[in-house]
Structure formats: structure tokens, C-alpha cells
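The values are calculated or read from the model by the stated rules, or taken from the named source; none is laboratory data. Because the structure is a prediction, the values reported are computed rather than measured. Cβ coordinates were reconstructed from backbone atoms using ideal geometry, including for glycine residues, and neighbour counts include every protein chain displayed.
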Amino acid sequence: MTEHIVKSYDTDLAHLNDLIARMGGLAEKQLADAVQSVFKRDADLALRTVESDPRIDELELEIDALVVRMLALRQPMADDLREVIAALKISSDLERVGDYAANIAKRVKALSLVPLVKPAHVIPRMGTLAQAQIRRVLDAYAERNAEKAVEVRNADEEVDEMYTSLFRELLTYMMEDPRHISACTHLLFVAKNIERIGDHATNIAEYVYFLVHGTPLAEERPKGDNSATVVSSPEAARKQGNA
């Protein structure tokens, strides 16, 4: 980042970057705690995860206020304008990551009241992958590294494919035994929240690329979520159960 004649502007930019880093760290931890609370059926950890979400919201509001002040007082242009706008958009995505993590944690109470189903073992793997995406895209932002951002964007397909596979497996479990419907439904919501977190990491990656190059990524975003086309039946469930 280049130095500006008005030193206070550099101070504002440094503060903005620091707020994004803090917000990203909190969002990453909240996701890790949420997934851990599901895996361990830890209601106390789930509650702490939900209660930590307002801090992320507060940081977003702080970033919003700082951005408005910088736009009004500094009237940034070109690279400087991209810096400010990218931070505003990234903070919005990180706030949504925190919301999805809180939503995951809110499922723990219900999940603790029903028997554990086998597909639940996929949730920690999905969570770890999404958490790695958040960490790597925040590194890309801190380093202004467009290539690393593109790698994060491309890696989202793996999260999507994992979600589609889990979606199909949970449908099969529900068809094989209706007693699994409650547990599987809650796990579907958990998995979908993790998949959406991956999408928000991808959004941030695209903002980083635009921040560095000044142009949006031309390539279409890779998608591996085919859950909308998954069709199952009792016969297919029985075949899978006998496999």
C-alpha cells in the first residue's frame, strides 16, 4: 500500500485493515466453535458461540461508520476508492459468516435430543474446509494477493460437492428409517449453512481480485452444489442400504 501525503488517511486505512482482520478472526473462531459444538453436542459451547455473534455485528457497524467518514472527508479515487469499498463489502460477508455460524450452533440443542446418525461425521470435515477458506482469503486480503484469492475461489467447488454428497446421504437415511428424519433435517440445515459460508469466502476472494487488478474475474464461478437436482426414492435407499 502506497503512502499518502495526508498521513491521517494512511492511519484510517490501517485502522480499516485492522478492523477487517479482527472481524475475520472472530468469524473464523465462531465457525470453528459452532462446528465443534455440533460434533461434541456441547450445548454450553453452542450458547457461547451464539452469544459472541453481536461482537461481529458491532465491528461491521464500526467499519461502516469509518468508511462513510473516509468517503466524506477523503473522497478517495482509483486504488484508494477500491480499498475502501472492498473493505465495506468484505465486512458484510464476514458478518454473514458469523450469522451462519450462530445458526449452526442453534441446532445443537435439538440435535442433542435425537440419536446421532452416521452422516454427521462429514460435518467437521466440511467445517474445517470452510474455515480454511476463510483463513486463506483473509491472508489473500492482507497480502493483496490476487492469485491466492483465485485459489480460494476455485476451492469452493470441493465444499459444494461435499454438501451435495451429504445431502444425498441424508435423504437416503430419512427414507430408510423415518426415525432419522429429525436428526437428518437439522444436519441438512447445518451443512447448508457451512456451504453458504464457503460462498461468502468466495465473494471475498472476488473482492480481493478486484481490489488488486481493478477488474472483476472474467471466469464463471465454479459450482459443485448439485443438491437441487438430487432425486431419491425408497428403492434407491434400499439398494444403498444393501450395498
### Query
Between a first residue in the range 194-220 that is in contact (Cβ under 8 Å) with a residue 60 or more places away in the chain and over 15 Å from residue 155 (Cα atoms) and a second residue that is in a helix (DSSP H, G or I) and of a type in the set (Val, Ile, Thr), which pairs have beta carbons less than 6 Å apart while being 6 or more apart in sequence or on different chains?
207/90
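From the list 13, 81, which residue is under 20 Å from residue 208 (Cβ atoms) and touching a His at 6+ places or on another chain (Cβ under 9 Å)?
Numbers: 81 fails: touching a His at 6+ places or on another chain (Cβ under 9 Å).
Among 13, 81, only 13 is under 20 Å from residue 208 (Cβ atoms) and touching a His at 6+ places or on another chain (Cβ under 9 Å).
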### Summary
Residue hits (the range 107-125; part of a helix (DSSP H, G or I), touching a Phe, Trp or Tyr at 6+ places or on another chain (Cβ under 7 Å) and surrounded by 19 or more Cβ atoms within 10 Å (Cβ to Cβ)) are 119, 123
### Query
Scanning for something outside any helix (DSSP H, G or I) and more than 25 Å from residue 101 (Cβ to Cβ), does the range 154-175 turn up at least one residue?
no
### Query
Counting just the residues of the range 165-209 that are touching a Gly at 6+ places or on another chain (Cβ under 8 Å) and crowded, with 20+ Cβ neighbours inside 10 Å, which one comes out nearest to residue 133 (Cα to Cα)?
194
### Query
Going through the range 60-91 one residue at a time, which ones are farther than 24 Å from residue 26 by Cβ and assigned to a helix (DSSP H, G or I)?
71, 72, 73, 74, 78, 79, 80, 81, 82
#### Entry: Any pair with Cβ under 9 angstrom, 6 or more apart, that starts in the range 7-23 at a residue that is touching a residue at least 60 places away in the same chain (Cβ under 8 Å) and ends at one that is exposed (fewer than 14 other Cβ atoms within 10 Å of the Cβ) and not in a helix (DSSP H, G or I)
13/1; 17/1
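Rundown of residues vs (1) assigned to a helix (DSSP H, G or I); (2) within 15 Å of the chain's Cα centre (by Cα); (3) aliphatic (A, V, I, L, M); (4) surrounded by 21 or more Cβ atoms within 10 Å (Cβ to Cβ), yes/no style:
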position: 18; (1), (2), (3), (4): yes, no, no, no
position: 27; (1), (2), (3), (4): yes, yes, yes, yes
position: 45; (1), (2), (3), (4): yes, no, yes, no
position: 58; (1), (2), (3), (4): yes, no, no, no
position: 100; (1), (2), (3), (4): yes, yes, no, yes
position: 105; (1), (2), (3), (4): yes, yes, yes, yes
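For the structure I just gave you, tell me whether residue 228 is more than 30 Å from residue 80 (Cα to Cα), of a type outside the set (S, T, N, Q), buried (at least 17 other Cβ atoms within 10 Å of the Cβ) and at pLDDT below 90.
On the way: more than 30 Å from residue 80 (Cα to Cα): yes; of a type outside the set (S, T, N, Q): yes; buried (at least 17 other Cβ atoms within 10 Å of the Cβ): no; at pLDDT below 90: yes.
Considered against the rule, which asks whether it is more than 30 Å from residue 80 (Cα to Cα), of a type outside the set (S, T, N, Q), buried (at least 17 other Cβ atoms within 10 Å of the Cβ) and at pLDDT below 90, residue 228 comes out as no.
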### Message
I'd like to know if the range 109-131 contains one or more residues that are charged (D, E, K, R), touching a residue at least 12 places away in the same chain (Cβ under 8 Å), in contact with a helix residue (DSSP H, G or I) (Cβ under 9 Å, 6 or more places away or on another chain) and within 21 Å of residue 221 (Cα to Cα).
### Response
no
